[in-house]
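Have a look at the structure below, then the notes.
The values are calculated or read from the model by the stated rules, or taken from the named source; none is laboratory data. No experiment lies behind these values; they were computed from the predicted model shown. Ideal geometry is used to build each Cβ from the backbone, glycine not excepted, and the neighbour counts take in all protein chains shown. Protein only, heavy atoms only, side chains kept; ligands, DNA and RNA dropped before computing areas. Shrake-Rupley method; radii C 1.70, N 1.55, O 1.52, S 1.80 Å.
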Amino acid sequence: MIGTLVNTLAVLAGSATGLLLAWLAGRFSSVLPAGSIKLGERLQTIIMQGVALCVLFLGISGSLSGQNSLITILAMVLGAIIGELLDLDKRMMALGDWVQKHTARLSAGSKTSISEGFVTASLLFCVGAMAIVGALQDGLTGDHSTLFAKSLLDGISSIVFAASLGVGVMFSAIAIFLYQGVIAVLASFLSPLLGDAVIAEMTCVGSLLIVALSLNMLNLTKIKVMNLVPAIFLPILLCLWM
């Protein structure tokens, strides 16, 4: 759990930094040079777009690790059916709305809702290949290197996200801790089923979801990525028969 704890703390620290920068920009807006606020907003937008393109690159790179396209297709189709029947996207948004209801004063004056920041950041930080593979390594071998690298990336990203999406990004640290923690704890029980082929297919499917998330971040699509999340775990079963 060391890697998961470091990852969680990195997102908390990054989110706090982003929120502080956003507060300072608003607090001292009256003494800043004319046009600096608009410049800051433009910089924030272009940085977000740059991060989205990096996320797209990571998703495409990870998706090439798959070795059996039939497993990927079946996992995505069956995962979409399961996710849609359970309506995980709606449940995730409902959780974000519940958090917002109980922390309304924290989002006063924010342009985005806590749910939006919470869902977007949680998906980005949890769905990726590094989250799955890193948590598996954390639980199976005690190797924390992947999650340490992920912590650095997530920490930097959370600064940008928190500055633009608000305090909801900070709450995504809870999702990271629970998601990666559960995978790490269960890894020892699932180890007989987690060969290299299974991990490769899980990485491929997870990376495709990262591609979908990046397209949403670029406002090109409105894919309900959360409803596709069950697909990540289906290769564990599909690889037994194919």
query = For the stretch 121-242, with every protein chain kept in place, what is the accessible area per residue (1.4 Å probe, Å²)?
reply = 39 Å²
ask   = So how do 213-220, 230-237, 179-186 stack up, highest first, on mean other-Cβ count within 10 Å?
value = 230-237, 179-186, 213-220
inquiry  = Which order do the peptides 68-76, 2-10 come out in when sorted by mean C-beta neighbours inside 10 angstrom, highest first?
reply    = 2-10, 68-76
query = In nm, what is the difference between 0.36 nm times the number of residues separating S65 and K222 and their Cα-Cα distance?
reply = 54.0 nm
ask   = Name the trypsin sites (Lys or Arg not before Pro) in the stretch 134-242 that are in a loop by DSSP and that have at most 16 other C-beta atoms within 10 Å, would you?
value = K222
message = Given a 1.4 angstrom probe, I'd like the percentage of the accessible area of the stretch 181-236 that is carbon and sulfur, rounded to a whole number.
response = 71 percent
remark   = Nearest-0.05 FRET efficiency for I47 and K90 at R0 = 25 Å, using Cβ-Cβ distance, is 0.25
